[in-house]
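Everything below concerns the one structure shown next.
Here, each number is a calculation from the coordinates, and none is a lab measurement. Note that the coordinates shown come from a computational prediction; the quantities given were computed from them, not determined experimentally. We place every Cβ from the backbone using ideal geometry, glycine too, and count neighbours over all the protein chains shown.
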Amino acid sequence: MDDELDFERWESAVGKIVMSLSRVEGELLIKYQSHFSKNKYFKDSFKERLARIQELYNNECGINLLATSLFEQVSDDIEYRNLVAHNPVYADMSGEFLKFKVSTLKSDGISIDLPELECEAKRIWSSCIDFTVLLRVWAKV
């Protein structure tokens, strides 16, 4: 239970998720500036940006399993980021342990504990690094 109250660990995990995807947004902005426009970037949602860049990638590099998988993973990671960063969070003490609960319109309470959040933060950080490398290697081609 003490781990669940370590708010610095909560902040670190949520921050790692937000910053990892912010890095991806920066990479997408670079692509937009060279192929579309900065104004178009700010008019599109994160998911629209990702889809537009995936289409561009596929047109220039061809469809491949690794790239498709990374684009899909980032898309899923955006959903998770939105879940932990943009919804009300409260302490649920109804069970044996304190839980981080997120309340959304779509679901009546998704429980996320600290170890799960930290694990997801590490996974998202890693997948965002892989995605960034994909875009940077593509830029060199």
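For the pair SER12 and ALA139, what calculated FRET efficiency results from E = 1/(1 + (r/R0)^6), where r is the Cβ-Cβ distance and R0 = 25 Å, to the nearest 0.05?
The formula returns an efficiency of 0.25 here.
Taking H as built 1.01 Å from N, whose amide H comes closer than 5 Å to the amide H of ILE110, not counting residues under 5 places away?
Answer set, sorted by chain and number: VAL102, THR104.
When a footprinting reagent is the concern and you count Cβ atoms within 10 Å, what order do HIS86, HIS35 take, fewest first?
Arranged by neighbour count, lowest to highest, HIS86, HIS35 become HIS86, HIS35.
Between LYS47 and MET19, what is the FRET efficiency for a Förster distance of 25 Å, r being their Cβ-Cβ separation, to the nearest 0.05?
E(calc), rounded to 0.05, equals 0.85.
Can you list the HN-Hα couplings for segment 64-72, worked out from phi with the Karplus curve (6.51, -1.76, 1.60; θ = phi - 60°), rounded to whole Hz and with x for Gly and Pro?
9, 4, 4, 4, 4, 4, 5, 4, 5
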